[in-house]
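S.K.: Provided herewith is a single structure, encoded as structure tokens, for subsequent inquiry.
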Amino acid sequence: MFIASALYAEEEVIFHNFRWGTSLEEFTKKMGKPGSKEEVDGLTALVYDNIEVQGYPVFMLVYFSKSGLEGGTYYFHTFSLEELMQCYTDVQKDLLAKYGPTLLCDGIIKEMRPYETSWNLKGGYVYLKVNTRQHEPVMLWYSSPALTQKLFGTDNIQARR
């Protein structure tokens, strides 16, 4: 697995124009009723379909704790190899402009492995991935510092790699 990470102390990380800690009620008031709602590992997960991110249709999962918004994931509706790579490249370019450079590791046979890029920022963790070999959708995951700590047991994701 090739993971690229960088640590930038000052960058604020928000998900879908909402700050960490936004209440579930405030989120649904602005976003509308989710397609479904379930409890998963102490978090409330909301599911939305037909959301648009950077001009791409996405399936969106949003995670809330008692403290409010903790994270979210976008699964981009991309199917062909060309769509997968174009979407990944477009999203990565936007994230690089927003969060700054990160070390990128490209393999020899690009089509045969997952592409992954991550930013471990003071304001949260951002992870972008596509696996062209498995034809999995482009996935973009955001987590608050609290959720990152809960999931990985460390404030610095680099420490676990």
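The values are calculated or read from the model by the stated rules, or taken from the named source; none is laboratory data. Keep in mind the model is a prediction, meaning the values are calculated, not measured. Counting neighbours? That spans all protein chains shown, and the Cβs are built from the backbone with ideal geometry, glycine included.
S.K.: With respect to Pro145, determine if the residue is modelled with pLDDT of 85 or more, in contact with a Gly (Cβ under 8 Å, 6 or more places away or on another chain) and either surrounded by 13 or more Cβ atoms within 10 Å (Cβ to Cβ) or closer than 25 Å to Asn17 by Cβ (or both). Write out each step before concluding.
M.R.: Working: modelled with pLDDT of 85 or more: yes; in contact with a Gly (Cβ under 8 Å, 6 or more places away or on another chain): yes; either surrounded by 13 or more Cβ atoms within 10 Å (Cβ to Cβ) or closer than 25 Å to Asn17 by Cβ (or both): yes.
Against the criterion (modelled with pLDDT of 85 or more, in contact with a Gly (Cβ under 8 Å, 6 or more places away or on another chain) and either surrounded by 13 or more Cβ atoms within 10 Å (Cβ to Cβ) or closer than 25 Å to Asn17 by Cβ (or both)), Pro145 qualifies.
S.K.: Follow-up question, since we're still on this one. Within the bounds of region 58-74, is there any residue that is touching an Asp or Glu at 6+ places or on another chain (Cβ under 6 Å), of a type in the set (Phe, Trp, Tyr), assigned to a strand (DSSP E or B) and closer than 16 Å to Leu128 by Cα?
M.R.: yes
S.K.: Follow-up question, since we're still on this one. Quick check on region 89-103. Is at least one of its residues of a type in the set (A, V, I, L, M), part of a loop (DSSP other than H, G, I, E, B) and at pLDDT 85 or above? Let's see the steps before the verdict.
M.R.: Of all residues in region 89-103, those of a type in the set (A, V, I, L, M) come to 91, 95-97, 103.
Restricting the remaining residues to those that are part of a loop (DSSP other than H, G, I, E, B) gives 103.
From what's left, at pLDDT 85 or above: none.
Checked region 89-103: no residue is of a type in the set (A, V, I, L, M), part of a loop (DSSP other than H, G, I, E, B) and at pLDDT 85 or above.
S.K.: Does region 107-125 include one or more residues that are crowded, with 21+ Cβ neighbours inside 10 Å, modelled with pLDDT of 90 or more and among the aliphatic types (A, V, I, L, M)?
M.R.: Keep residues of region 107-125 that are crowded, with 21+ Cβ neighbours inside 10 Å, which gives 115, 117-121, 124-125.
Restricting the remaining residues to those that are modelled with pLDDT of 90 or more gives 124-125.
Still in the running and among the aliphatic types (A, V, I, L, M): none.
No, region 107-125 contains no residue that is crowded, with 21+ Cβ neighbours inside 10 Å, modelled with pLDDT of 90 or more and among the aliphatic types (A, V, I, L, M).
S.K.: Just to check your reading of the model, which residue among Glu52, Glu82 is modelled with pLDDT of 90 or more and exposed (fewer than 14 other Cβ atoms within 10 Å of the Cβ)? Can you show your working first?
M.R.: Details: Glu82 fails: modelled with pLDDT of 90 or more.
Only one candidate qualifies: Glu52.
S.K.: Moving on. Report every pair of residues separated by at least 6 positions or lying on different chains whose Cβ atoms are under 6 Å apart, first residue within region 5-28 and within 16 Å of Thr73 (Cα to Cα), second at pLDDT below 95 and among the aromatic types (Phe, Trp, Tyr).
M.R.: No pair meets every condition.
S.K.: So which residues in region 44-65 are touching a residue at least 60 places away in the same chain (Cβ under 8 Å) and over 24 Å from Asp94 (Cα atoms)?
M.R.: Ser65
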